[in-house]
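Participant: Here you go, one structure.
The values are calculated or read from the model by the stated rules, or taken from the named source; none is laboratory data. Here the structure is a predicted model, which is why all the values come from computation and not from measurement. Here Cβ is always computed from backbone atoms with ideal geometry, including for glycine, and neighbour counts include all displayed protein chains.
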Amino acid sequence: MKKLALHWKIIIGMLLGVFYGLFANSYGLNNFTTDWIKPWGIIFVNLLKLIAVPLVFASLIKGVASLSDISRLSKIGSRTVLLYLFSTVLSVSIGLGLVNFIKPGNSFSEEKKTELREKYSSKADMKINDAKSVEQDGPLQFIIDIVPVNIIDSASKNKNMLQIIFFAILFGISIIMIPDDKTLYVRGFFDGINDIILHIVDLIMRTAPYGVFALLASLVVDFGASMDLFLALGYYSFTVSLGLLLMIFIFYPILLRIFTKVKYFDFFKSISPAQMLAFSTSSSAATLPVTMDRCEKNVGVSKEVSSFVLPLGATINMDGTSLYQAVAAVFIAQAFGYDLDLSSQLTIVLTATLASIGAAAVPGAGMVMLVIVLSSIGIDPEGIALIFAVDRILDMLRTVVNVTGDATVATIVASSDNQLNYPKKGK
């Protein structure tokens, strides 16, 4: 069992949780499950909440500070960042468009929606009060709310994640503008903090099989073996998968067609080993060496461009993860019976885009980012229990999109800077 990969352990935990929940329902173990098993699922979710702020803060400062290379590669750096931000915003928008059109969360009956809302969210009155207060706010209040008054107070609440992100970006930019000899220890400090936080994430994810088991067991006990749940999960998986496929087969080919002379079939064939590795590992970071090798040797991207753009992309470019967060957040809101207004959906766009910059390129980081997105729109993060059953396969698919997006941007940047040797000689 120790040699089993983490994703297989998580899948086993999910299956055992479902089977146990069905067994508990049949043999009257509901109270036992609620009292002795469900708390471990809540603890797992709390651990994800615990790590959200420090993960984003440390990763974002490290990522922004690393852009000091822009002093040497200003043109490449600015194009890279703009393309990454553009693709991320568009991926979130595609996800929001699909989930609002398909409405997978509406597969739940009104009775189940009310039940879920009462069970997972204690913030109904807060949402109503927030809606009333918004009516009295000015048109720029949304921007005002992004700028924190007290960063310590903001860091104490996950729902203020945009304020944390704002301060982290400001902090990182200031590091860049100060001479390196004066920020040497600060950079080293945040590099170390980032490594420590990533190790904590790894430790938390080792408990994921048990947390997933507890969450799904209690979910089945509380929700019952209803067709509503399985039908809704099917619609949800279809919505996420459709969005990811649109990114791979429509959006990226259009970008390549507009900005380069690379044929997408050749491009796809060249990076397919990296895509397969991304699918099997669910980690952009683990796939990075293969992505760089295929882009340089088969696509024709120069080493100068690939060594800058691709590692940066593994840090700040999470198109697939951002799309998934948008769909998952709205799906959970629909399941709870919430009708998200324009302001809430814009918050999802901003939070998912900016949080992706600080997302770790490791399996499970997307779930941490989803906790951040849900908190930002006032939805109880315990609602992630609804999507755990299908999260692993979707994690594999969205990592393929992340890696494909990195390679696409690297190819476009290389082409715009005349550093793309395509077609490769002797290919």
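Participant: How do the pairs read when you match residues in segment 325-344 that are within 17 Å of I387 (Cα to Cα) and free of Cβ contacts under 8 Å to residues at least 60 places away in the same chain with residues anywhere that are of a type outside the set (V, I, T) and surrounded by fewer than 24 Cβ atoms within 10 Å (Cβ to Cβ), using Cβ under 6 Å and keeping only pairs 6 or more apart or on different chains?
Facilitator: none
Participant: Return the residues of segment 181-224 that are touching a helix residue (DSSP H, G or I) at 6+ places or on another chain (Cβ under 7 Å) and under 21 Å from F57 (Cα atoms); say none if nothing qualifies.
Facilitator: T183, V186, R187, F190, D191, I193, N194, I197, I200, V201, I204, M205
Participant: Y27 fails exactly one of the following numbered conditions: (1) modelled with pLDDT of 85 or more; (2) farther than 22 Å from F230 by Cβ; (3) not hydrophobic (A, V, I, L, M, F, W, C). What is the number of that condition?
Facilitator: Here Y27 clears every test but (2).
Participant: Determine whether L215 is surrounded by fewer than 21 Cβ atoms within 10 Å (Cβ to Cβ) and either at pLDDT 75 or above or of a type in the set (G, A, S) (or both). Outline the logic, then answer.
Facilitator: Values: surrounded by fewer than 21 Cβ atoms within 10 Å (Cβ to Cβ): no; either at pLDDT 75 or above or of a type in the set (G, A, S) (or both): yes.
When the stated conditions are applied, L215 does not pass them.
Participant: For segment 186-199, which positions are at pLDDT below 85 and either surrounded by 14 or more Cβ atoms within 10 Å (Cβ to Cβ) or acidic (D, E) (or both)? Don't jump to the end; show me each part of the working.
Facilitator: Going residue by residue through segment 186-199, those that are at pLDDT below 85 are 194-195, 197-199.
Answer for segment 186-199, where residues must be at pLDDT below 85 and either surrounded by 14 or more Cβ atoms within 10 Å (Cβ to Cβ) or acidic (D, E) (or both): N194, D195, I197, L198.
Participant: Continuing with the same structure: Cβ-Cβ distance below 8 Å, separation of 6 or more or different chains: which pairs start in segment 11-37 with a residue that is within 25 Å of R206 (Cβ to Cβ) and end on one that is part of a helix (DSSP H, G or I) and basic (K, R)?
Facilitator: Sorted first by the residue in segment 11-37, then by its partner, the pairs are I11/R392; M14/R392.
Participant: Go through (1) modelled with pLDDT of 80 or more; (2) surrounded by fewer than 17 Cβ atoms within 10 Å (Cβ to Cβ); (3) within 22 Å of A352 (Cα to Cα); (4) not hydroxyl-bearing (S, T, Y) for I143 and report which single condition fails.
Facilitator: (1)
Participant: Mind listing just one residue for me: the one in segment 268-283 that is surrounded by 20 or more Cβ atoms within 10 Å (Cβ to Cβ) and under 24 Å from V92 (Cβ atoms) and, of those, farthest from the chain's Cα centre (by Cα)?
Facilitator: Of everything passing the filter in segment 268-283, I271 is farthest from the chain's Cα centre (by Cα).
Participant: Let me ask another. Scan segment 234-277 for residues that are more than 30 Å from I332 (Cβ to Cβ), in a helix (DSSP H, G or I) and among the aliphatic types (A, V, I, L, M) and report the count.
Facilitator: Quick first cut of segment 234-277, residues more than 30 Å from I332 (Cβ to Cβ) only: 253-274, 276-277.
Now restrict to residues that are in a helix (DSSP H, G or I): 253-259, 264-274, 276-277.
Checking which are among the aliphatic types (A, V, I, L, M) leaves us with 254-256, 258, 271, 274, 276-277.
The total comes to 8.
Participant: I need the full set of residues from segment 374-410 which are modelled with pLDDT of 80 or more, among the charged types (D, E, K, R) and under 14 Å from the mean Cα position of the chain (by Cα), in order please.
Facilitator: The answer is D395, R398.
Participant: What tally of residues in segment 146-172 results from selecting those that are more than 25 Å from E382 (Cβ to Cβ) and modelled with pLDDT of 80 or more?
Facilitator: Of all residues in segment 146-172, those more than 25 Å from E382 (Cβ to Cβ) come to 146-152, 166-172.
Now narrow it down to the ones that are modelled with pLDDT of 80 or more: 147-152, 166-168, 170-172.
Going through segment 146-172 one residue at a time, the tally reaches 12.
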